[in-house]
Amino acid sequence: ISHLPSALEVEGLLRESARHLAPGGRLALQYRDSTAFSAEGTARFLEVASDAQRTMHCLLEPLDAEHLRVTDIVTELTAAGPHTRLSDYVKLRLAVERVVEWARALGLTLDHQGVERGMTTLCFRAD
């Protein structure tokens, strides 16, 4: 949900999901809550994945209270040597409490909340 262009779009997604769920239906969301992220210098770089052939790092740069620029840096070993690809995009900074509040206002009940490897999972049930 943090890839959506605005908080209004996230609210709209929740509204449409709640509207289409039958009573007892489930909605599961997973995203990285970056609202508290304020690292500087090299702490802005995170290793996301790596194996013997490639590594992926992300550079996180807070733009404002609601947006974060993410630059993906993927380095892959090829027959010609290392090759690095770069891409960047803007993500929303969504506090878990805000998402839960929006969902509750739409009649969704939070059944599960957890964090694993920095990813927040929220599971809601339609009343």
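The values are calculated or read from the model by the stated rules, or taken from the named source; none is laboratory data. Predicted, not measured: the structure shown is a model, and the values here were computed from it. Note: ideal-geometry Cβ built from the backbone for every residue, glycine included; neighbour counts use all protein chains shown. These accessible areas exclude ligands, DNA and RNA; they are computed on the full protein's heavy atoms, side chains included. Shrake-Rupley method; radii C 1.70, N 1.55, O 1.52, S 1.80 Å.
Over the chain, what is the relative contact order in whole percent, taking alpha-carbon pairs under 8 Å and six or more residues apart? List each step's numbers first, then the result.
Working: 222 pairs, mean separation 38.5, N = 127.
Relative contact order of the chain: 30 percent.
Provide the per residue accessible area, probe 1.4 Å, for the chain, rounded to a whole number of square angstrom. Show your work: numbers first, answer last.
Details: 7840 Å² over 127 residues.
Dividing the accessible area of the chain by its residue count gives 62 Å².
Please check which bits of the range 50-66 a label hung off Leu86 would reach, taking the label as a point 7 Å along Cα-to-C-beta and the cut-off as backbone N under 18 Å.
55-63
Only Cα pairs within less than 10 Å get springs; with that Gaussian network setup on the chain, which residue of Arg32, Arg117, Arg19 has the largest fluctuation?
Looking only at Arg32, Arg117, Arg19, the biggest GNM fluctuation is shown by Arg117.
Given springs between every Cα pair under 10 Å in a Gaussian network model of the chain, which of Ser34, Ser17, Ser87 has the largest fluctuation?
Largest GNM mean-square fluctuation: Ser87.
List the relative contact order of the range 53-126 as a percent without decimals, with contacts defined as Cα pairs under 8 Å and 6+ residues apart.
20
If the elastic network links every pair of Cα atoms under 10 Å, which of Arg15, Arg85, Arg44 fluctuates the most in the Gaussian network model of the chain?
Sorting by GNM fluctuation, first place goes to Arg85.
What's the carbon and sulfur percent of the chain's accessible surface, probe 1.4 angstrom, rounded to a whole number?
Values: 4160 of 7840 Å².
Summing carbon and sulfur atoms, their accessible area is 53 percent of the total for the chain.
For helix 7-20, what angle does its Cα long axis make with the longest principal axis of the chain, in degrees from 0 to 90 and rounded to 10?
50
Please report, in debye to the nearest 20, how large the charge dipole of the chain is about its Cα centre when each Lys and Arg carries +1 at its beta carbon and each Asp and Glu carries -1 there.
Numbers: 14 positive and 18 negative charges, 48 e Å.
That gives a dipole near 240 debye.
Among rounded, prolate and oblate, which fits the range 1-65 when a ≥ b ≥ c are the square roots of the eigenvalues of its C-alpha gyration tensor, a/c under 1.5 means rounded, and a/b larger than b/c means prolate? All intermediate terms of the calculation are to be shown ahead of the outcome.
On the way: a/c = 3.52, a/b = 1.81, b/c = 1.94.
Oblate is the answer for the range 1-65, as a/c is 1.5 or above yet b/c matches or exceeds a/b.
Show me the three semi-axes of the equivalent ellipsoid for the chain, from the C-alpha gyration tensor (sqrt of 5 times each eigenvalue), largest first, rounded to whole Å.
Values: eigenvalues 222, 54, 32 Å².
The answer is 33, 16, 13 Å, longest axis first.
Among Gly81, Ser6, Gly24, whose Cα sits farthest toward the positive end of the charge dipole of the range 1-106 (+1 at Cβ of Lys/Arg, -1 at Cβ of Asp/Glu, about the Cα centre)?
After comparing all options, I get Gly24.
Can you give the calculated 222 nm mean residue ellipticity of the chain, where each DSSP H run of n ≥ 4 adds -39,500 (n - 2.57) and the sum is split over every residue, rounded to the nearest 500 deg cm²/dmol?
Numbers: 2 runs with 24 residues, N = 127.
The helix contribution divided over the chain gives -6000 deg cm²/dmol.
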